[in-house]
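Colleague: After the C-alpha cells below, expect a handful of questions from me.
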Amino acid sequence: MKQPSRRTFITAAGACVATTVAAAWPALLHAQMVRTPLNNMPDAIRKLAGAKTISKGRVKLDVPPLVENGHLVPLSVSVDSPMSEADHVKAIHIFTERNPLPEMATFRLGPRAGRARVATRVRMADTQNVIAIAELSDGSFWSDSAFLIVTLAACLEELPA
Amino acid sequence: MTTANVRLDVPKTAKRGEIIDIKTLVAHTMETGFRRTHLGAPIPRDIITTFVCLYNGIEVFRAELHPSVSANPFIQFSTVATESGTLDFKWSGDNGFSATETARIEVT
C-alpha cells in the first residue's frame, strides 16, 4: 500500500479536526450562553433614572484604559459638586456593559462627604464600556463613560473542585 | 457573626471642617455566583452587599455592592471632620456575613 504523502496526511487531518469543531461549535456556544445571563445595561439605567435625561459631564470616571488582570481593576469616580446642603451628590452608580450583571456598585453620600469622590476595585469580565452616573440633590443625573480593554477576564473562569 | 479581617486607614486627628479620606479593606472572597467547579456544579453566590459608615451614630456613607466588586472589597470615600468621636464601619452580606470595626478621631 502506498504511504500517504505528508501533504495529503496534513490536509486530511485538518479536515477531520475542522469537522469535529464545526459539529461541536453550537454546543459550545450554547454552554457559554446558558452560563452567562444576559446583561441588560440600558434597562438597569432606565430603572434608575426613569424618564429623566442623563447628561454628559460633571462626572469623571477614572479607570486604566488597558487592564491586564480583570479581577482587580482600580476604579474611581469624582463629581464636580460643591457638596453643600442645597447642592450635593446623593449617589454614584456604576454600570458595566458586559459583566453578567449590569450593576457594579452604588455609593450613597451626602453633604457630609465634603467632596464627591469614591474609589474601589472591580472585576471586568470582558473588554467593555463602564458608565458612572451621579444622582444629584436637585434630581438631575450626570454621567461619564470609559472604555477598557481587558486581557485576562474575570468572573467566568472555572474553579478546581 | 463572622470574624473578618478588616483594615482601616482613618486619620487619628483632624482640624474641624477638614475633609478626611477614609480607606477600608475587608477580607472576603466575593464569590460571584456565576462560576462553576470543573465538574460543572455552580458555586453559590457569597458576597458583601452593604457597607455603612456611621460618624457618631449618624450615617455619612453607604455602599451597595454587587458581584462585580473584586474580592476583598476596597472602598475609599471622604467625610468632613465635624467633631471628636467614633467612626463605625459595618459590612454585611450573604449567609449572614457581618463585620464591624471602629476608629476614633480627635478633632481640634
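The values are calculated or read from the model by the stated rules, or taken from the named source; none is laboratory data. For clarity, every value in this text was computed on a predicted model and none was experimentally measured. Quick reminder, even Gly has a Cβ in these numbers, built from the backbone with ideal geometry, and neighbours come from all protein chains shown. Please note that ligands, DNA and RNA were not included when accessible areas were found on the heavy atoms of the full protein model with its side chains. Shrake-Rupley method; radii C 1.70, N 1.55, O 1.52, S 1.80 Å.
Colleague: Which condition number does B:T13 fail, the rest of (1) in contact with a Ser or Thr (Cβ under 8 Å, 6 or more places away or on another chain); (2) of a type outside the set (D, E, K, R); (3) within 11 Å of another protein chain (Cβ to nearest Cβ); (4) surrounded by fewer than 16 Cβ atoms within 10 Å (Cβ to Cβ) being met?
Modeller: Tallying (1) in contact with a Ser or Thr (Cβ under 8 Å, 6 or more places away or on another chain); (2) of a type outside the set (D, E, K, R); (3) within 11 Å of another protein chain (Cβ to nearest Cβ); (4) surrounded by fewer than 16 Cβ atoms within 10 Å (Cβ to Cβ), B:T13 fails exactly one: (3).
Colleague: Let me ask something additional. Checking B:R62 against (1) open to solvent by 50 Å² or more (accessible area, probe 1.4 Å); (2) in contact (Cβ under 8 Å) with a residue 60 or more places away in the chain, which test does it fail?
Modeller: (2)
Colleague: Of the numbered conditions (1) modelled with pLDDT under 95; (2) under 20 Å from A:R108 (Cβ atoms); (3) more than 7 Å from every other protein chain (Cβ to nearest Cβ), B:C53 fails exactly one; give the number of that condition.
Modeller: Among (1) modelled with pLDDT under 95; (2) under 20 Å from A:R108 (Cβ atoms); (3) more than 7 Å from every other protein chain (Cβ to nearest Cβ), the lone unmet condition for B:C53 is (1).
Colleague: Looking at this structure, is A:R98 touching a Phe, Trp or Tyr at 6+ places or on another chain (Cβ under 8 Å) and open to solvent by 10 Å² or more (accessible area, probe 1.4 Å)?
Modeller: no
Colleague: How many residues are away from chain B (no Cβ under 12 Å), in a strand (DSSP E or B) and of a type outside the set (A, V, I, L, M) when one looks only at region A:120-157?
Modeller: The total comes to 9.
Colleague: While we're looking at this one, here's another question. If the requirement is being over 21 Å from A:I92 (Cβ atoms) and of a type in the set (V, I, T), which of these qualifies: B:T50, B:T86, B:T79, B:T24?
Modeller: None of the other options fit; the residue is B:T86.
Colleague: Of the conditions (1) under 30 Å from A:H88 (Cα atoms); (2) more than 15 Å from the chain's Cα centre (by Cα); (3) touching a residue at least 40 places away in the same chain (Cβ under 8 Å), B:N95 clears all except one; give me its number.
Modeller: (1)
Colleague: For the subset of region A:98-119 comprising residues that are more than 18 Å from A:A44 (Cα to Cα) and among the aliphatic types (A, V, I, L, M), which member is farthest from the other protein chains (Cβ to nearest Cβ)?
Modeller: A:A116
Colleague: Find the residue count for region B:34-50, including only residues that are of a type in the set (K, R) and more than 10 Å from chain A (Cβ to nearest Cβ).
Modeller: 1
Colleague: Here's something else I'd like to know. Looking only at residues that are free of Cβ contacts under 8 Å to residues at least 12 places away in the same chain and either of a type in the set (D, E, K, R) or within 22 Å of B:R35 (Cβ to Cβ) (or both) in region A:44-79, which one is most open to solvent (accessible area, probe 1.4 Å)?
Modeller: A:K47
Colleague: Could you check how many residues of region B:17-33 are touching a Ser or Thr at 6+ places or on another chain (Cβ under 7 Å) and more than 9 Å from chain A (Cβ to nearest Cβ)?
Modeller: 1
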